[in-house]
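Enquirer: I am attaching a structure below and will ask some questions about it afterwards.
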Amino acid sequence: MTGMSEDERFAPAAAQPAGAVARPRRPRGAKAADRGRLKIGDDWNAIRIIALSQSNPLKAIAEFVENSIDAHAKTITITRGREHGEHYLSIRDDGDGVPRDEDGKPNFKYVATHICDSIKRRLKTEGAGAGLQGEFGIGLLSFWTVGDQLTMISTGADQRSYQMILSKGQSGYSVSPRRVLFAERGTELKISPLLEGIRTLSGEKIQWYLASELRDRIRQAQVRVTVIDKLARKQYEVEPRAGRSPCCWSGRKSIVPS
Ligand SMILES: Nc1ncnc2c1ncn2[C@@H]1O[C@H](COP(=O)(O)OP(=O)(O)OP(=O)(O)O)[C@@H](O)[C@H]1O
Ligand SMILES: [Mg+2]
């Protein structure tokens with residue numbers, strides 16, 4: 001709280017410094033105790049509401065691809081398949097990987113504890129986030145519309161691989177090292193098992209959606225996006241194409257045309 005006097009706090013907006021938020025005038029007779037700032041009452045409930053507000057699984061997949069492009073990936077592979085009797089979807093990229101902590105490990109804790117407070121928004125404010133699309137810090141949560149569990153894998157400076165696991169409807173997260181011979185650069189997301197309606201989402205449909213929804217982004221970033229549908233034994237290159245404007249698709253980042 002700043003050391004403002006009551007009179008200063010209730011000063012007319014015009015008398016405030018540029019950029020200051022205009023405060024509502026205090027109604028005659030109202031005491032300072034009758035005013036305040038809005039605040040989230042229940043963090044987990046707010047997170048649930050945000051996670052459930054994304055209902056389009058294709059848009060969720062586009063969010064993951066956007067994250068890969070934000071991490072400067074040049075190759076992104078989306079795979080649809082089945083393993084140990086469970087359907088999965090994976091998104092693998094060769095980008096920068098999850099930003100690392102001071103020990104050189106992927107800072108999954110930061111990701112899990114900064115929902116609605118994206119580091120990208122901070123970078124943009126500091127002028128260091130040119131070309132980044134992310135800003136809300138909620139895109140990853142949209143895995144709730146795709147499947148039950150999200151495993152996010154990335155490599156540390158020690159060339160070891162680490163993972164974070166999030167589960168739909170649960171507030172906890174867990175981070176652990178993975179035992180792999182060669183840790184690759186970049187990030188992999190694996191969502192499994194897929195929700196019932198998503199199991200039938202073909203690689204072809206994913207390819208068509210991304211080609212339209214992310215056409216400008218894919219073109220500008222010159223990124224190669226491939227969809228491998230192991231169930232249909234088919235592979236598709238996402239070719240940015242003209243078509244329905246992305247704003248016509250439902251999605252939280254879309255701007256509805258007038
Ligand atoms: N493929 C990826 N490579 C590297 N870091 C990633 C990747 N995907 C997610 N992250 C990290 O996880 C964070 C959270 O991702 P999320 O999509 O939820 O939020 P955001 O991209 O910051 O903002 P927005 O909600 O607007 O997309 C990112 O800010 C980024 O640090
Ligand atoms: Mg994002």
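Enquirer: For region 118-250, compute Rg over Rh where Rg is the Cα radius of gyration and Rh is the Kirkwood radius from the inverse mean 1/r over Cα pairs. Working shown, then result.
Expert: On the way: Rg = 16.9 Å, Rh = 17.3 Å.
Taking Rh as the inverse mean 1/r over Cα pairs, Rg/Rh reads 0.98.
Enquirer: Using each residue's phi in region 129-138, evaluate 6.51 cos²θ - 1.76 cosθ + 1.60 at θ = phi - 60° and report the 3J(HN,Hα) Karplus result to the nearest Hz, with x for Gly and Pro.
Expert: x, 4, x, 7, 8, x, 7, 8, x, 9
Enquirer: I need the calculated FRET efficiency for the pair Glu196 and Ala33, taking r as the beta carbon distance and R₀ as 41 Å, to the nearest 0.05.
Expert: On the way: r = 52 Å, r/R0 = 1.26.
With R0 = 41 Å, the Cβ-Cβ based efficiency is 0.20.
Enquirer: Could you state the number of Å between the C-alpha centres of region 119-167 and region 178-217?
Expert: 14 Å
Enquirer: Rank-order 89-102, 193-206 by packing density, defined as the average count of other C-beta atoms within 10 Å over each peptide's residues, highest first. Kindly include the intermediate steps, with their values, before the conclusion.
Expert: Working: 89-102: 19.1, 193-206: 16.1.
Those peptides, ordered most packed to least, come out 89-102, 193-206.
Enquirer: Check Leu195: other-chain or 5+ apart residues with amide H under 5 Å from its amide H, H built from backbone geometry?
Expert: Long-range HN contacts for Leu195: Gly147, Asp148.
Enquirer: From the backbone phi of region 153-162, what are the Karplus-calculated ³J(HN,Hα) couplings (6.51 cos²θ - 1.76 cosθ + 1.60, θ = phi - 60°) in whole Hz, Gly and Pro given as x?
Expert: Listing the rounded values in order: 10, 8, 9, x, 5, 7, 6, 9, 9, 10 Hz.
Enquirer: Something else now. Please work out how much length the chain gains when fully extended from Ile47 to Val180, using 0.36 nm per residue of separation minus the C-alpha to C-alpha distance, in nm with one decimal. Could the numbers behind the result be given before it?
Expert: Working: separation 133, 0.36 × 133 = 47.88 nm, distance 3.27 nm.
Length gained between Ile47 and Val180: 44.6 nm.
Enquirer: Using amide H atoms built 1.01 Å from N in the peptide plane, name the residues 5+ places from Arg82, or on other chains, whose amide H lies under 5 Å from its own.
Expert: Those qualifying (amide H under 5 Å, at least 5 residues apart or on another chain) are Tyr88.
Enquirer: Follow-up question, since we're still on this one. How much of the pair distance distribution for region 57-172 lies past 23 Å, counting alpha-carbon pairs only, in percent? Display every interim value, and only then the final one.
Expert: Details: 1914 of 6670 pairs.
Above the 23 Å cut-off, region 57-172 has 29 percent of its Cα pairs.
Every number here is computed from the coordinates shown, using simple stated rules; none is lab data. The shown structure was predicted, so the numbers you read here are calculated from the model rather than taken from an experiment. Because the Cβ atoms are built from the backbone with ideal geometry, glycine has one as well, and the counts that use them run over all protein chains shown.
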